[in-house]
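Here the structure comes first, spelled out in structure tokens, and everything after it is commentary.
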Amino acid sequence: MSQPTRDNGERVSPLTDWWERCGGETGGNSHRVRAFVRSFAPAPGRHDRKRQLIEGLQSAADSGLIEQYDVTVIGDRLCCCEHCRSLTEAEVLLEAVTALREWEQQEISSSGFSMRSVESSVTGDHHRVIVPPAISFGIYVDGALAGVFPCTDGDETYRPEAYLDRLLDIRLDTSADGTVTQIS
């Protein structure tokens, strides 16, 4: 698979290409980030990371870089059995996380979500579960899922911090005629 290039022949990383197509489009478009957090009680040593990511989203919203964000707390795994799928709230959450897990666009795709089989030796029950990353971002532009972090281009994995770092690096420059231009 060849990597995209600019008109001058310069190679563009898949993440940069994605950013230019989707990630930086805040002007005129609804740009929302949905954070999925595995637990409010993360493993020791991981609490600060989650706090910093949520604070980063708040800063981006306060700066007008994103229209809004929300945080959805999910468990360590999501059950895909028919009984759990029959519960309205569980089905909505499972659909959202499944969309994150299956997202791909050109040369970049979601990362960190795994599907496992679980079997009870006591009851003999067998079902599949989705195990999400500790924290993931769904990037929605005009209501459609446009990106997922963590994601990978096959060579490199980009964590949610990569999205926030790039987003927060944008500085708004208002020109004399009142138009707003985004510069990195």
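The values are calculated or read from the model by the stated rules, or taken from the named source; none is laboratory data. Remember, predicted model here, so these are calculated numbers, not experimental data. Every residue, glycine as well, gets a Cβ built from its backbone with ideal geometry; the counts of neighbours run over all protein chains shown.
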Hits in the stretch 46-96 - residues which are among the hydrophobic types (A, V, I, L, M, F, W, C), surrounded by 13 or more Cβ atoms within 10 Å (Cβ to Cβ) and not in a helix (DSSP H, G or I): Leu65, Ile66, Val71, Ile74, Leu78, Cys79, Cys80, Cys81
Inter-residue pairs, beta-carbon under 7 Å, first over 18 Å from Ser114 (Cα atoms) and in the stretch 67-89, second hydroxyl-bearing (Ser, Thr, Tyr) and surrounded by 11 or more Cβ atoms within 10 Å (Cβ to Cβ), 6+ apart: Glu67/Ser30
Residue that is modelled with the lowest pLDDT, among those in the stretch 5-24 that are assigned to a loop (DSSP other than H, G, I, E, B) and either buried (at least 16 other Cβ atoms within 10 Å of the Cβ) or in contact with a Phe, Trp or Tyr (Cβ under 6 Å, 6 or more places away or on another chain) (or both): Gly24
Find all pairs meeting these conditions: Cβ atoms under 9 angstrom apart; at least six residues apart or on different chains; first residue within the stretch 127-140 and without any contact (Cβ under 8 Å) to a residue 60 or more places away in the chain and within 7 Å of Cys79 (Cα to Cα); second residue assigned to a strand (DSSP E or B) and among the β-branched types (Val, Ile, Thr). Arg128/Val118; Val129/Val118
For the stretch 148-166, which residues satisfy the criterion of being aliphatic (A, V, I, L, M), in contact with a Ser or Thr (Cβ under 9 Å, 6 or more places away or on another chain) and under 21 Å from Ser63 (Cβ atoms)? Leu164
Determine the pairs where a residue that is among the acidic types (Asp, Glu), located within the stretch 103-124, has a partner that is in a loop (DSSP other than H, G, I, E, B) with Cβ atoms under 8 Å apart, the partner being 6 or more residues away or on another chain. Glu107/Met1; Glu107/Gln3; Glu107/Pro4; Glu107/Asp153; Glu107/Gly154; Glu119/Asp125
Quick check on the stretch 141-171: of everything there that is surrounded by 21 or more Cβ atoms within 10 Å (Cβ to Cβ) and more than 18 Å from Asp76 (Cα to Cα), which residue is nearest to the chain's Cα centre (by Cα)? Val148
